[in-house]
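Take a look at the structure below.
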Amino acid sequence: MSGGLATAKLNLALVVGPLREDGRHEVVTVLQRIELADRISIEPADELRVEGFAEDTLVRSALERLAEAAGTTARWAARIRKQIPVAAGLGGGSSDAATALRLANETLPEPLPPDRLHELAAGLGADVPFFLTAGPQLGTGTGAELEPLELPQDYVVVLLLPQDEQKPSTASVYADFDRRGSADGFDERRATLRQALAAGDLARLPPNDLAASPHAERLLGLGAFRADVSGAGPAVYGLFRKREQAVAAEPELRALGRTWITLPTWYG
């Protein structure tokens with residue numbers, strides 16, 4: 001049996017543009033792994049089984065597509081041990097799928113090369129290829145075209161999953177974005193993002209185009225140097241320069257929902 005951590009991610013920035021010819025939106029996003037993680041284990045089996053998380057669809061799809069691409073039958077037993085909250089904007093399902101792809105690929109007599117694995121991952125979802133990489137990445141196009149970034153890693157993350165808030169469907173989030181005409185000014189926001197990256201200043205990254213939360217202001221008031229919604233939410237993060245600040249802030253948020261203190265990480 002082989003196993004690995006499937007880390008959560010933060011969108012440290014998410015700039016969204018107009019619809020592309022393929023019907024998807026142009027995006028520019030800064031993706032960062034954090035230590036909050038699920039655990040995935042894979043072992044050969046007589047048939048495909050995915051256990052531990054009844055709501056899974058992505059791990060099963062990932063293993064089926066891997067087997068098809070390798071010209072074999074999907075004969076793995078996968079187990080998911082969940083820690084990342086579901087449908088929170090933290091990429092848990094995508095990370096699980098990517099980790100399962102990587103682990104199962106290693107069991108093949110002739111593993112698929114990285115570029116082919118990336119193609120399979122992109123077919124599962126725009127976030128999935130990121131979790132096959134190491135370190136922070138700049139996602140462009142639909143978010144699946146990745147470019148390594150050198151970003152500061154010397155901060156502590158406080159996560160808040162507000163109680164009684166559920167993530168709307170991705171389609172509805174983007175439909176609302178389009179109705180508001182929010183793609184206007186995309187070039188300027190993209191330029192602001194790139195300027196902040198060039199300066200290595202996470203605090204100067206533009207706010208999330210898809211989602212906002214009053215809890216981000218609360219985190220800033222508690223000492224975070226950057227706070228925003230991750231992805232389409234509803235999870236909100238605050239970045240703190242010092243652990244003592246994060247430890248002091250986290251209890252102030254507990255009445256609002258589930259909280260975590262975690263760190264940026266390079267690998268899964």
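The values are calculated or read from the model by the stated rules, or taken from the named source; none is laboratory data. In this text, all values refer to a predicted model and were calculated from it rather than measured experimentally. All Cβ positions, even for glycine, are placed from backbone atoms using ideal geometry, and neighbour counts span all protein chains on display. What goes into the accessible areas is simple: the full protein's heavy atoms, side chains included, and nothing from ligands, DNA or RNA. Shrake-Rupley method; radii C 1.70, N 1.55, O 1.52, S 1.80 Å.
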query: Tally time: how many residues in the range 100-157 are in a strand (DSSP E or B) and open to solvent by less than 20 Å² (accessible area, probe 1.4 Å)?
result: 5
task: Please find, among Leu160, Leu239, the residue that is under 21 Å from Leu138 (Cα atoms) and either open to solvent by less than 50 Å² (accessible area, probe 1.4 Å) or not in a loop (DSSP other than H, G, I, E, B) (or both).
output: Leu239
- prompt: Got a sec? Which of Leu193, Leu239, Leu210, Leu202 is over 27 Å from Val86 (Cβ atoms), within 20 Å of the chain's Cα centre (by Cα) and in contact (Cβ under 8 Å) with a residue 60 or more places away in the chain?
  reply: Leu193
- line: Checked against (1) closer than 13 Å to Ile84 by Cβ; (2) open to solvent by 30 Å² or more (accessible area, probe 1.4 Å), Glu21 satisfies every condition except (1)
- prompt: Hey, among Arg60, Arg65, which residue is more than 30 Å from Ile261 (Cβ to Cβ), touching a helix residue (DSSP H, G or I) at 6+ places or on another chain (Cβ under 6 Å) and either open to solvent by 80 Å² or more (accessible area, probe 1.4 Å) or polar (S, T, N, Q) (or both)?
  reply: Arg65
task: For the range 28-48, state whether one or more residues are open to solvent by 50 Å² or more (accessible area, probe 1.4 Å), free of Cβ contacts under 8 Å to residues at least 60 places away in the same chain and closer than 30 Å to Val157 by Cα.
output: yes
message: Report every pair of residues separated by at least 6 positions or lying on different chains whose Cβ atoms are under 9 Å apart, first residue within the range 59-81 and under 13 Å from Ala97 (Cα atoms), second assigned to a helix (DSSP H, G or I) and open to solvent by 70 Å² or more (accessible area, probe 1.4 Å).
response: Ala78/Arg60
